[in-house]
Amino acid sequence: MKNLSVFAIIAILIMATIPCTAQAPQTGAAQATENGPELTYHLSVMMPQYRFIDTSGYGGRVGEYDSLQQSLGGDVAFDYLAIPQRMTVHYSANFLSRDVFDSKSRITLGRWLDLGMDNRSFVRHLDDNSNFYASTISPDIIRIDSVLPDSLLGIRRRMNTAYAKVQLPQIPVKLFVKGGWQARDGNSQMQYFDMGGSGDPATDQQQGCANCHSASQYRAYNYTTRNFAGGAQVTVGNVMKLTYQHEFRSFNDRMQNPRDLYGTSGEIPPVEDIPYTPAGYYVHSVLPRHETQDDSLQMSLAVAHHVTFNGDLSYARTNNLSASHQQNAFNADGTVTWNPVSRVRVIADFHQQNLLNDWVQTFSLSDPTIIYPYGNPSIHRHWAGVKLAYRASRQFDLETYYKRMNVTRSNASLWPQISSPNNYDPLFVIPASFSNIAGFAARFHTERLWNARAGYEWTGTHDPGYVSDPGTNQRIFGDLTVSPTQWLTFSNDASIMLQQSFPAVQRSNHLYVDTTFLTIKPVPRWNIGAGYTYLQDNLRTDMRFMNDSAIGLYNATLVPYKQLSQNFSVNTNYQIKQRLDFQVTFARSLAHSGFRPDLNPLNYPDFPGAVSVASFPSEAAYAAAFSQALGLASGPVSLMDVPQSIVGSTLNYHLPRGFDAGLRFNYGSYADRMHPDLSGQLRSYTAFMGRIW
């Protein structure tokens with residue numbers, strides 16, 4: 001069981017504090033341990049298990065992080081403590097199946113050697129999102145789905161890390177090395193859209209890609225990420241600590257990048273200002289191989305007994321091995337803490353991030369003879385703030401803070417946003433923008449009964465880089481914890497956020513979040529816990545439909561969107577006569593969301609070009625198709641209704657001589673009311689038996 005490794009560590013700490021009988025005086029080398037007992041302790045856990053699993057419906061969502069396999073596994077743990085040698089050995093592992101496991105190991109020898117390793121593997125299943133409604137939303141979109149309905153798409157992820165720390169004798173220097181290796185493999189769904197294609201090479205070569213093309217297909221993943229680092233840590237008394245590290249990171253894919261037919265529809269030059277691409281097969285969704293060298297320096301300095309400084313510098317060089325593009329990053333952080341008197345604390349911090357890109361290429365729009373440069377602009381971010389905390393009394397604290405953030409984008413003209421919300425004019429990246437954040441909070445607390453905190457925060461953004469940036473943001477928050485008795489604890493966290501956007505696209509957003517926890521302990525061996533989370537997101541934003549200027553545009557101002565999510569959870573555990581442990585957990589989640597545009601047919605504008613451009617038989621036919629498309633947009637396309645339930649129970653009986661045996665049951669239910677084909681149920685039964693000694 002997962003709690004056994006925690007129990008093993010606690011047991012060793014308890015045994016290490018037990019008084020031992022006095023030993024006879026030693027001479028020679030043995031005198032080095034005259035104050036320590038000649039004793040060793042160890043604790044071992046061996047708890048094999050077998051799991052039976054059963055699924056109904058679609059198992060990919062209800063078992064999103066499950067291998068969905070019957071499997072032989074269990075828990076293994078070993079802890080060893082040798083007091084005279086100051087040596088500890090720890091190993092713990094939980095195996096669910098060959099693809100799902102978690103293990104940790106560590107060895108220490110006093111203060112001069114520390115070795116550790118972590119290994120984890122899990123499987124995540126992804127949804128099949130092939131329900132596209134393409135032909136209904138727009139009749140000129142040709143959709144190709146090669147992913148079979150209800151396909152189980154799973155990605156296995158393996159993560160391994162290791163480290164070693166050595167304290168050099170006689171000098172305050174500690175050397176360390178660490179490394180990691182991560183891998184992903186499996187199948188997932190890949191969707192893409194090109195501006196002119198039908199999936200038929202013969203048709204597209206003759207007609208010049210005369211249709212819009214949308215496709216869904218399988219993609220096999222197989223790539224690894226590695227990192228290796230080494231450095232030294234120097235400690236100068238209690239005054240300064242310096243840490244230098246050099247790290248090498250690499251990304252390597254072993255995949256065949258997909259190739260599909262792409263092309264630009266329409267005349268040459270086309271009437272729409274879109275990139276010109278001749279019909280043909282192109283590689284897309286490329287994951288480029290790259291390597292990074294990173295050097296960093298960290299410093300912790302006690303300037304005086306009431307002033308401390310913490311800072312770090314890092315410089316990284318990344319090289320794209322596929323196209324030889326380079327990217328350099330320089331980051332710096334600094335924080336100063338000042339306690340002039342015991343009641344006052346001042347914190348000032350400064351941060352900067354610089355990303356220098358060396359990637360520029362060219363492309364053409366409607367006229368292929370005119371070439372435009374395109375690439376990633378270099379981004380420079382820096383922000384600074386100050387925070388003041390004042391203890392007015394033993395039970396009342398005040399704090400206030402201010403932060404200013406700036407963003408500069410060098411060569412911003414390299415990255416225009418071609419498709420703007422009104423589909424008329426490109427929205428270019430603004431070279432510079434800044435924002436201000438200010439807030440205050442008050443806290444009232446007692447030694448045990450009360451702990452309450454409330455505050456207000458304001459954010460103002462100026463000259464945003466993108467139209468989606470909010471103009472102003474106001475947040476009201478409050479936290480409360482009450483413990484009237486030792487067996488009852490109540491806590492609540494709540495916040496309200498109000499956002500207002502810029503005039504380019506009108507947008508307002510109200511976000512309400514509340515989380516409540518309740519813990520009850522009626523008797524010493526019985527615990528009950530409950531939790532409730534409420535989230536409501538009310539968004540109103542401008543939207544535009546049928547954004548093809550050759551046919552017409554339909555504007556819907558401040559379209560309402562609402563997201564509502566509620567989560568309930570209850571858990572309890574009870575121990576009977578120190579022999580029988582009984583645990584039950586229950587969780588229920590209810591999530592709803594969707595937007596609704598104005599669907600009144602009387603508000604539809606006249607589209608005189610619909611018949612000639614979009615080839616509708618009449619204006620009435622176009623109005624009917626447009627009404628159906630809007631209905632889908634406010635219905636199956638945007639609505640979400642997904643109740644979920646999770647139930648778990650464990651019955652564990654402690655047998656004599658350290659043996660344990662028991663049963664576990666887990667149940668999961670996922671229902672998608674808008675897409676019933678994704679609904680499913682999962683049940684698993686696990687029997688375990690083992691020993692602790």
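The values are calculated or read from the model by the stated rules, or taken from the named source; none is laboratory data. The structure displayed is predicted, hence computed values, not measured ones. Backbone-built Cβ (ideal geometry, glycine too); neighbour counts: all protein chains shown. These accessible areas exclude ligands, DNA and RNA; they are computed on the full protein's heavy atoms, side chains included. Shrake-Rupley method; radii C 1.70, N 1.55, O 1.52, S 1.80 Å.
Working from label points 7 Å from Cα in the Cα-to-Cβ sense, the Ile520 to Ala304 distance is 5.5 nm. Excluding Pro643 itself, calculate the net charge of residues whose Cβ lies under 14 Å from the Cβ of Pro643, where each Lys or Arg counts +1 and each Asp or Glu counts -1. Neighbour charge sum, excluding Pro643 itself: +1.
Among the trypsin sites (Lys or Arg not before Pro) in the stretch 56-107, those located in a DSSP loop and surrounded by at most 13 other Cβ atoms within 10 Å of their own Cβ are Arg98. Of interest is the spacing of the C-alpha centroids, which for the stretch 302-375 and the stretch 662-693 amounts to 45 Å. For the stretch 49-110, dividing the convex hull volume of the Cα atoms by the residue count gives 80 Å³ per residue. Spin-label model, His382/Tyr41: points 7 Å from Cα along the beta carbon direction are separated by 5.4 nm.
Between Leu115 and Asp542, the contour length at 0.36 nm per residue exceeds the Cα-Cα span by 148.0 nm. Based on protein heavy atoms only, the stretch 639-690 ends up with 49 Å² per residue of surface accessible to a 1.4 Å probe. Accessible surface computed residue by residue for the stretch 243-397, with neighbouring protein chains in place and a 1.4 Å probe, gives 59 Å² per residue.
Distance between the modelled labels on Val647 and Asp333, one decimal in nanometres: 4.5 nm (7 Å Cα→Cβ projection). Counting only residues at least eight positions apart within a chain, or on another chain, the lysines with an alpha carbon under 23 Å from that of Lys403 are Lys387. Multiplying the residue separation of Trp458 and Val234 by 0.36 nm and subtracting their alpha-carbon distance yields 76.5 nm. Extension gain for the segment Leu449 to Gln395, taken as residue separation times 0.36 nm less the Cα-Cα distance, is 18.3 nm to one decimal. Identify the residues of the stretch 504-529 with backbone N under 14 Å of a label point that sits 7 angstrom from the Cα of Ser593 along the Cα-to-Cβ direction, or state none. 510-512, by backbone N distance to the label point. Phi-derived couplings, Karplus 6.51 cos²θ - 1.76 cosθ + 1.60 at θ = phi - 60°, listed residue by residue for the stretch 567-579: 10, 10, 8, 9, 9, 8, 9, 9, 10, 10, 6, 6, 10 Hz, with x used for Gly and Pro.
The phi torsions of the stretch 76-91, fed into the Karplus equation with coefficients 6.51, -1.76 and 1.60 and a -60° offset, translate into couplings of 9, 8, 8, 10, 9, 10, 10, 5, x, 8, 6, 10, 10, 10, 9, 9 Hz, rounded to whole numbers, with Gly and Pro shown as x.
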